[in-house]
Amino acid sequence: MAFFDNFSKKVQDVAFVAAEKAQQVAAVAGEKANAVADKAKIEYEMAAERRSMDKNYRALGEWYVSTLEGDAPEAVADIVAAIKDSQENLAAYEAAKAEAAAEAAALKAKGIEPCLAVILVGENPASQVYVRGKVKDCGECGIKSLELRMPETTTQEELLAKIAELAADKTVNGILVQLPLPKQIDEHAVIDAIPPEKDVDGFSPVNVGRMQTGQPCFLPCTPAGCIRMIESTGTKIDGKNAVVIGRSNIVGKPAALLLLAKNATVTVCHSHTANLKEICANADILVAAVGRAGFVTGDMVKPGAVVIDVGINRGADGKLHGDVNFEEASAVAGYITPVPGGVGPMTRAMLMKNTTQAAAMQNGVAI
Ligand code: GUN
């Protein structure tokens, strides 16, 4: 009996050890399976995010194409008759802003509140005015804004930490760092830190590269606004001689690229350009972005040309002046944008639209 007792005990022991081993194996296998399942889940979620992003980039692409690659109405075959009244500029800007407001309302109807974070480092008086304008337009379009002010002495690390915080915040759709920055901060490092999907300025290398290669992206607001201004006149850009004065990363270079994408023959002029006057006088479309008050004089404007003045220069008189001598140029041009009140408000309207698009994209909805 003892044998049987012992035997059965042995069997029990063996069974117990085996059961314990089996449990251990199962636990390890379970852990492994859980890890595999978790990894698969993360991969699935990432793929879903990528798919949603692609979908929304496509939606953004349609907007890009319709806004910036669509021809002006065929009926208006050439540069239209003079529209020198600044009311026309106002109408173009109001229309763009109304679109942004309608998009914000459509998002809100889906339970999404679009939000733009604007960071201002330091006390640059012009930047303060620009930031105030952006925040005001957000309010008027139904877009939430966060105005974040940081002192002139802010370090690059502090600014990058703030950007990282906003990048991780799902309720923030757009991040804009007002330029220029104090000299201790590397502008490129800051722009690189903004995730492309929240880069509503269109300055990040990804968006710049996508624009250059004709892919859907966030377009930089001032050049996009220039194109919209030109098209608001009924002018067909295709086949026109377009001259851009200035080659900054914010305006000159991207404006030239967008005009090229619309099949203009584009010349970029800068401080080393010979025969500047002659080149400008041959322009059907002249975009002035030099940053020098009254630089473009009447004799540099082709009769009937569309003149877009991007300059905002504070004169000794304390007033704002464009890069174009308005009095002289407006006597020759077919259309000319005023300063203030022309490109500036249109730039902000484009920023509003980029913000609503960012919110739509990040939430996987089309507007
Ligand atoms: N400073 C002058 N123009 C701009 C702009 O379009 N965006 C930013 N972030 N800073 C600027």
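Annotation: the antiparallel percentage among DSSP beta bridges lying fully within segment 201-357 is about 10. Full extension of the chain between V129 and S271 yields a length gain of 48.3 nm, computed as 0.36 nm times the residue separation minus the alpha carbon distance. Each principal axis of segment 187-258 carries a Cα extent, and these read 38, 23, 19 Å when sorted largest first.
Using 28 Å as the Cα-Cα cut-off, could you pick out the over-long pairs in K144/K240; K134/K170; K97/K253; K108/K319; K110/K136? In this structure, K144/K240; K108/K319 lie more than 28 Å apart at Cα.
By the Cα gyration tensor, segment 159-282 has an equivalent ellipsoid whose semi-axes, rounded to whole angstrom, run 31, 18, 11 from largest to smallest. What shape does segment 105-201 have by the C-alpha gyration tensor, where a ≥ b ≥ c are the square roots of the eigenvalues, rounded means a/c under 1.5, and otherwise prolate means a/b greater than b/c and oblate the rest? Oblate, because a/c is 1.5 or more while a/b does not exceed b/c.
A straight line joining the Cα centroids of segment 159-175 and segment 266-343 runs 37 Å. On the basis of the beta-carbon distance and an R0 of 25 Å, A98 and D238 show a calculated FRET efficiency of 0.40.
Local charge sum around L160 (other residues, Cβ-Cβ under 11 Å, Lys/Arg +1, Asp/Glu -1)?
For residues surrounding L160, the net value is -4.
In terms of the Cα gyration tensor, with a ≥ b ≥ c the square roots of its eigenvalues, is segment 215-367 rounded because a/c is under 1.5, prolate because a/b exceeds b/c, or oblate? Prolate.
Each residue was assigned an accessible area with a 1.4 Å probe, and for T267 the value is about 50 Å².
Summing charges over all other residues whose Cβ lies under 9 Å from the Cβ of L116, with Lys and Arg as +1 and Asp and Glu as -1, gives +2. Distance from the alpha carbon centroid of segment 227-252 to that of segment 121-149 works out to 27 angstrom. Please state the shape class of segment 235-321: rounded when a/c is under 1.5, otherwise prolate if a/b exceeds b/c and oblate if not, all from the C-alpha gyration tensor. Prolate shape, in that a/c is at least 1.5 and a/b is the bigger ratio. Taking 0.36 nm per residue of separation and subtracting the Cα-Cα distance, full extension of the segment from E187 to A366 would add 61.2 nm.
The values are calculated or read from the model by the stated rules, or taken from the named source; none is laboratory data. Owing to the predicted nature of the structure, the values given are computational and were not obtained by experimental measurement. With ideal geometry, Cβ positions are generated from the backbone for all residues, glycine too; neighbour counts draw on all protein chains shown. Heavy atoms of the whole protein, side chains included, go into the accessibility calculation; ligands, DNA and RNA do not. Shrake-Rupley method; radii C 1.70, N 1.55, O 1.52, S 1.80 Å.
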